1. Could you identify the single residue in ALA169, ALA153, ALA148 that is hydrophobic (A, V, I, L, M, F, W, C) and within 22 Å of the chain's Cα centre (by Cα)?
2. Here are the criteria: (1) over 22 Å from ILE76 (Cα atoms); (2) in contact (Cβ under 8 Å) with a residue 12 or more places away in the chain; (3) in a helix (DSSP H, G or I). Tell me which single one PRO161 does not satisfy.
3. When you scan the stretch 121-136, how many residues do you find that are in contact with an Asp or Glu (Cβ under 9 Å, 6 or more places away or on another chain), at pLDDT below 95 and within 25 Å of MET395 (Cα to Cα)?
4. Of everything in the stretch 201-231, what is in a helix (DSSP H, G or I) and either over 25 Å from the mean Cα position of the chain (by Cα) or not assigned by TED's automatic domain parsing to the domain that holds GLU144 (or both)? Give them in sequence order.
5. Filter the stretch 233-264 for residues that are polar (S, T, N, Q) and assigned to a loop (DSSP other than H, G, I, E, B) and give the result.
6. Restricted to the stretch 265-286, and to residues that are in a helix (DSSP H, G or I) and of a type in the set (A, V, I, L, M, F, W, C), which residue is nearest to ARG238 (Cα to Cα)?
7. Please give the number of the condition ILE115 fails out of (1) buried (at least 24 other Cβ atoms within 10 Å of the Cβ); (2) part of a helix (DSSP H, G or I).
8. From the residues in the stretch 327-348 that are among the polar types (S, T, N, Q) and under 22 Å from the mean Cα position of the chain (by Cα), which one is surrounded by the most Cβ atoms within 10 Å (Cβ to Cβ)?
Amino acid sequence: MSTLLNETSTFVEPAASPLLLLGQGRDLASERGVECTGALPAASDPDLVERARAARAALGDRAFVLGHHYQRDEVIDFADVTGDSFKLAQRAAARPEAEFVIFCGVHFMAESADILTTDAQQVVLPDMAAGCSMADMAEIGQVEEAWAVLEDAGIAGDTVPVTYMNSTAAIKAFTGRHGGTVCTSSNAQVALRWAFDKVGGVDGTGKVLFMPDQHLGRNTAVLQLGMSLDDCVVFDPRKPGGGLTAQELRDARMILWRGHCSVHGRFSQRNVDDVRAKVPGVNVLVHPECKHEVVTAADMVGSTEYIIKALEAAEPGSSWAIGTELNLVRRVARAHPDKQVHYLDSTVCFCSTMNRIDLPHLVWAMESLVEGRVVNRIVVDADDAHWARVALDQMLALPGI
């Protein structure tokens, strides 16, 4: 899905979005949204677009620009490839001839790219403030303290850590050091089954410490591995002992870190009920980072790539309500004008940290590279990089991956 502009490209004003935003300045006859609360600023002016085009052309094959699905359109327009976080890091690793990898995403994604690319490549994050609230909910000091709690409860030896890709390099390294693995929203089921098999199987007594997104861990364990909600406990790093007794930890199978995605955590069962009432026959499609009540009320659940493919395969004229980041949903709606695409929430749900990467920051980063200055380089500590790579390699070795 390359969207790299070439020298003959011209600036085009964005077309009106076909996305249907229920409850937002709507046309009562069609429920078509006019605008949503907290909309992004208008795309950058043509002069800045021309500067971006010139800088990108000057860098040529020396640079490889990655654009995450949740990025603004004005940034995606300059990406060589678009995708989810791990796919993009892999694509960067497959381009060793690129001297610079410009990652238009968030900090943990750029870290993964630095881990997977060669020492000769330099990874640049256009804005260092582009973090991830979920990843920030699990700090390495907190995780090490949590592991000590598990040791005190006598269960650390029967617990395998599994961390979601949306975590810092330090957390991935912790997982690698303790014999665990990394997972994505697409392969969480396989990763969890592998982890449980290490400690006696899904029906045994072993445990998984799942970080940092409690919802993905719970949804996978209950809906795909057949566990019960009672098998899951939530470890709150802000409370002594995680807010759990030693016996509660011993009885649990899934020890879920108290973390969540600030975007997907907004969706509620009421959103699902409302859209079903307003759009008869609508297909509700949500990301597995959503709350359990939302996932169980939806028709389909899947990763970002799954959502994109589901809309591609959908019948013309079908109606869809999608629960994920708004930039992606808008892009999917534009790509499928033959389908009715609704946004599941009634209010805005941009990923605010992802959207810190805007065209001015991208232009600054590229022009700096053209001038011979490497700005905002992401470098992972060598020891952390080694152990994080161990955990990532374990994920890649999982059956069916």
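1. From the options ALA169, ALA153, ALA148, the qualifying one is ALA169.
2. (3)
3. Here the count works out to 1.
4. Listed by number, the residues that qualify are ASP230, ASP231.
5. Keep residues of the stretch 233-264 that are polar (S, T, N, Q), which gives 245, 247, 262.
Correct list: THR245, SER262.
6. Looking at residues that are in a helix (DSSP H, G or I) and of a type in the set (A, V, I, L, M, F, W, C), I get VAL272.
7. ILE115 satisfies all of (1) buried (at least 24 other Cβ atoms within 10 Å of the Cβ); (2) part of a helix (DSSP H, G or I) except (1).
8. From the stretch 327-348, those among the polar types (S, T, N, Q) are 327, 340, 346-347; that's our starting set.
Then keep just the ones that are under 22 Å from the mean Cα position of the chain (by Cα); that gives 327, 346-347.
Details: ASN327: 22, SER346: 18, THR347: 14.
The qualifying residue surrounded by the most Cβ atoms within 10 Å (Cβ to Cβ) is ASN327.
The values are calculated or read from the model by the stated rules, or taken from the named source; none is laboratory data. Please read all numbers here as calculations on a predicted model, not as lab measurements. As a convention, Cβ positions derive from the backbone with ideal geometry for all residues, glycine included, and neighbour counts pool all protein chains shown.
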